[in-house]
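The values are calculated or read from the model by the stated rules, or taken from the named source; none is laboratory data. Worth saying up front: this structure is predicted, and the values here are computed from it rather than measured. Here the Cβ is made from the backbone with ideal geometry for all residues, glycine too, and neighbour counts use every protein chain on show. Calculation scope for accessible area: heavy atoms of the full protein, side chains included, ligands and nucleic acids excluded. Shrake-Rupley method; radii C 1.70, N 1.55, O 1.52, S 1.80 Å.
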Amino acid sequence: MEEDRGPALPAESALEKNVAELTVMDVYDIASLVGHEFERVIDQHGCEAIARLMPKVVRVLEILEVLVSRHHVAPELDELRLELDRLRLERMDRIEKERKHQKELELVEDVWRGEAQDLLSQIAQLQEENKQLLTNLSHKDVSFSEEEFQKHEGMSERERQVMKKLKEVVDKQRDEIRAKDRELGLKNEDIEALQQQQTRLMKINHDLRHRITVVEAQGKSLIEQKVELEAELQTREQEMGSLRAELGKLRERLPRGHSENGEEEPETEPGGEECVSEADKAAMDPKDPNRPRFTLQELRDVLHERNELKSKVFLLQEELAYYKSEEIEEESRILQPPPMAHPRLSPQPESGIKRLFSFFSRDKKRLANAQRIVHIQESCGQWANSHRDDGYTEQGQEALQHL
Amino acid sequence: MRSSLTPLGPTVNRDRIITSFPKWYTPNACLQLKEHFHGQVHAACQRGNTGTVGLSLSKVVVVGDLYVGKTSLIHRFCKNVFDHDYKATIGVDFEIERFEIVGIPYSLQIWDTAGQEKFKCIASAYYRGAQVIITAFDLTDMQTLEHTRQWLEEALRENEPGSCFVFLVGTKKDLLSGAACVQAEVEAMHLANEMQAEYWSVSAKTGENVKAFFSRVAALAFEQSVLRDLERRSSARLQVGNGDLIRMEGGPPQTPESKRLSSLGCC
């Protein structure tokens, strides 16, 4: 195709080109032109016509190709040489610039060094000054401030100690206050209890006082009654005496027919009755030996006396029985071994040692027995004076409690 | 003190030692049905903690119409004798009988009152402070049973209500037998229930039931005495600050004085 379309124009342009500007491509174009020409010749005259010519042409074209290619390298080299030159120039410029910079730097360095030297000298001066001042200061410290400092520190320490002590004191006092508070509470409770007891005791006291007043009043009235009764009795006795005298007179006057009457009258018959009431006299036949002779009070008194005597008999019987049993017991103890179930069957004289040993138990028994007897006597006292019952039992109970 | 009481054993007749609770005569008319001592009482006796009971005398009053046999009954029990002749009691008479109940000595003071109307004013003065009232009647004379109401009323009038044990005792049991006896007893039991009394039939002549009856009386009175004592002591202990309130430092919490004070306060 290329050969068909383009051979005319590039081949022609390649042929018209300057020799110096010929390229390998141009050579190829020329070769194609030559080929075309050969084909035409072949068509016209057959192959034998150019058979000899063709290798020579090819050879020439090949040489041309080599030459053209050689020629083409040379301009690149030139360019490179030019570039090299330019680069050399540039480098020169830079070196120069560097030199300038270095010079400037040196200058700056010089200036800096000078300044540093100045500063160093200044430092040295200041150090020296500082040293001097320090020495001055140390001198002064030794003389003044150290003492003050020490003083200050000592003060604070002392203060701390004082504070500590104060704190301890405060703590102690707080504890003490608490303890005192507690004590106060307890004391208050005690006081309350005491007050309660006091009120109770006051009440009891009041009651007792009341009772005492009552009893006193009773006692007084009883004494008064007694005095009255005594007076009455005396008057009665006087009356009786006068009546008896009268009776004696009357009897003397009467014939001695009432012999029975004469026997009884001096003993029991109250002389007053005859005179006092006629009705009584009528009701009771003075001749009846079984007619009532005692007043109610007399009967009461007699019964009371009888009861007392009987209680005494009881006690005596008990005591007797007790001593008897004791004796028998002691006797039975001698008979070894003692048959406790039948103590009455073994009467024997006791030995001194036995008596000594039995002393303790006997003492005990006696005490107990005495207590019983006391109590029985108390209860006997109640019989006649039933209104005093409470007082007696109270006393008895209290006495027993004390025992 | 208490332990020293026990050696008095020989003075108590062996017949008067009571160890178990005496039974009732009839369950149809009795004061209590239990057959053992109250647990508290038994425990107190075992410990010997009966206070003053062992030293006291319990008063028993026997009332009833004349000629029902009050004196005979008492004489049969206390002296084990029987007198066929009637002798009216003048005013009052008494006997003391010693017992030993569950190991504790105990005494009954038995008051024999006159049944005759004319002695009533004297006898009634002796009713006061009775722990036991025994109303006696003649089983052969129903009129005397009817009169026991009056006798009991008079005896109770002199005592705190509810403080006495009441017994109704039919005497002369030996004179009755069979249906007549049953009839009389039924009537008596009826009345006993009405009076809240315990009924017993006895015969002083033969001695039938006499000892059992008085043992029963003694046991009931004893039990009541012990219970009252325990109650009194426990309440006395509770009353009035007995020193427990105040506990001063250094001093004993209870001194004998403070105790005595507290005991004073209870009365």
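Checking B:His84 against (1) in a strand (DSSP E or B); (2) under 30 Å from A:Val302 (Cβ atoms): exactly one of these is not met. Which one?
The failed condition is (1).
A quick yes/no check of all residues on (1) within 14 Å of another protein chain (Cβ to nearest Cβ); (2) modelled with pLDDT under 90; (3) open to solvent by less than 80 Å² (accessible area, probe 1.4 Å); (4) touching a Pro at 6+ places or on another chain (Cβ under 9 Å):
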{"site": "A:Glu232", "(1), (2), (3), (4)": "no, no, no, no"}
{"site": "A:Pro292", "(1), (2), (3), (4)": "yes, yes, no, no"}
{"site": "A:Lys312", "(1), (2), (3), (4)": "yes, no, no, no"}
{"site": "A:Ser325", "(1), (2), (3), (4)": "yes, yes, yes, yes"}
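If A:Val214 satisfies all but one of (1) facing chain B (nearest Cβ under 10 Å); (2) open to solvent by less than 100 Å² (accessible area, probe 1.4 Å), what's the number of the condition it fails?
It fails just one condition, (1).
With (1) within 14 Å of the chain's Cα centre (by Cα); (2) charged (D, E, K, R); (3) at positive phi as the list, and B:Glu198 as the residue in question, which single condition is left unmet?
It fails just one condition, (3).
Out of all the residues in region A:43-102, which are closer than 27 Å to A:Ala20 by Cα and among the basic types (Lys, Arg)?
A:Lys56, A:Arg59, A:Arg70, A:Arg81, A:Arg86, listed by residue number.
Please pick out the residue among A:His45, A:His72 that is over 60 Å from the mean Cα position of the chain (by Cα), closer than 22 Å to A:Leu15 by Cβ and either loosely packed, with under 15 Cβ neighbours inside 10 Å or of a type in the set (Asp, Glu) (or both).
Selected residue: A:His72, the only one of A:His45, A:His72 that is over 60 Å from the mean Cα position of the chain (by Cα), closer than 22 Å to A:Leu15 by Cβ and either loosely packed, with under 15 Cβ neighbours inside 10 Å or of a type in the set (Asp, Glu) (or both).
Filter region B:150-165 down to the residues that are open to solvent by less than 40 Å² (accessible area, probe 1.4 Å) and either in contact (Cβ under 8 Å) with a residue 60 or more places away in the chain or among the small types (Gly, Ala, Ser) (or both) and list them by number.
Passing the criteria: B:Trp151, B:Leu152, B:Glu154, B:Ala155, B:Ser163, B:Phe165.
Has region B:2-18 got any residue that is open to solvent by less than 30 Å² (accessible area, probe 1.4 Å), facing chain A (nearest Cβ under 9 Å) and out of contact with any helix residue (DSSP H, G or I) (no Cβ under 7 Å at 6 or more places or on another chain)?
For region B:2-18, residues open to solvent by less than 30 Å² (accessible area, probe 1.4 Å), facing chain A (nearest Cβ under 9 Å) and out of contact with any helix residue (DSSP H, G or I) (no Cβ under 7 Å at 6 or more places or on another chain): present.
Cβ contacts < 8 Å: first residue of a type in the set (A, V, I, L, M), restricted to region B:109-138; second residue in a helix (DSSP H, G or I) and open to solvent by 20 Å² or more (accessible area, probe 1.4 Å), any location; separation 6+ or different chain. Result?
B:Ile110/B:Cys78; B:Ala114/B:Lys120; B:Ile122/A:Leu296; B:Ile122/A:Leu299; B:Ile122/A:Arg300; B:Ala125/A:Arg300; B:Ala125/A:Ser386; B:Ile133/B:Leu156
Which of the residues belonging to region A:48-69 are farther than 15 Å from A:Val24 by Cα, open to solvent by less than 60 Å² (accessible area, probe 1.4 Å) and in a helix (DSSP H, G or I)?
Residue satisfying the conditions is A:Val57 alone.
Somewhere in region B:91-100, is a residue among the small types (Gly, Ala, Ser), farther than 18 Å from B:Ser124 by Cα and modelled with pLDDT under 95?
No, every residue in region B:91-100 fails to be among the small types (Gly, Ala, Ser), farther than 18 Å from B:Ser124 by Cα and modelled with pLDDT under 95.
From A:Glu252, A:Glu224, A:Glu267, grab the single residue that is modelled with pLDDT under 75 and either open to solvent by 70 Å² or more (accessible area, probe 1.4 Å) or polar (S, T, N, Q) (or both).
Answer to the check: A:Glu267.
Report whether or not B:Thr89 is open to solvent by less than 40 Å² (accessible area, probe 1.4 Å), within 14 Å of another protein chain (Cβ to nearest Cβ) and under 24 Å from B:Leu152 (Cβ atoms).
It is true that B:Thr89 is open to solvent by less than 40 Å² (accessible area, probe 1.4 Å), within 14 Å of another protein chain (Cβ to nearest Cβ) and under 24 Å from B:Leu152 (Cβ atoms).
May I ask you to list the residues in region B:37-70 that are within 12 Å of chain A (Cβ to nearest Cβ) and among the charged types (D, E, K, R)?
Result: B:Lys59, single match.
Of all residues in region B:24-54 being open to solvent by less than 10 Å² (accessible area, probe 1.4 Å) and small (Gly, Ala, Ser), which is modelled with the highest pLDDT?
Only one residue fits best here, namely B:Ala29.
Go through region B:74-98 and give me each residue that's touching a helix residue (DSSP H, G or I) at 6+ places or on another chain (Cβ under 8 Å) and in contact (Cβ under 8 Å) with a residue 40 or more places away in the chain.
Hits for region B:74-98 are B:Arg76, B:Phe77, B:Phe82, B:Glu97, B:Arg98.
Listed here are the residues, each with its yes/no results for (1) under 16 Å from B:Ala29 (Cβ atoms); (2) not in a helix (DSSP H, G or I).
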| position | (1), (2) |
| --- | --- |
| B:Leu156 | no, no |
| B:Pro161 | no, yes |
| B:Val169 | yes, yes |
| B:Ala179 | no, no |
| B:Ala192 | yes, no |
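Are any residues in region B:95-145 more than 14 Å from every other protein chain (Cβ to nearest Cβ), open to solvent by 20 Å² or more (accessible area, probe 1.4 Å), assigned to a loop (DSSP other than H, G, I, E, B) and under 21 Å from B:Gly170 (Cα atoms), and if so, which ones?
B:Thr140, B:Asp141
Among the residues that make up region A:275-284, is at least one of them within 13 Å of chain B (Cβ to nearest Cβ) and either at pLDDT 75 or above or in a loop (DSSP other than H, G, I, E, B) (or both)?
no
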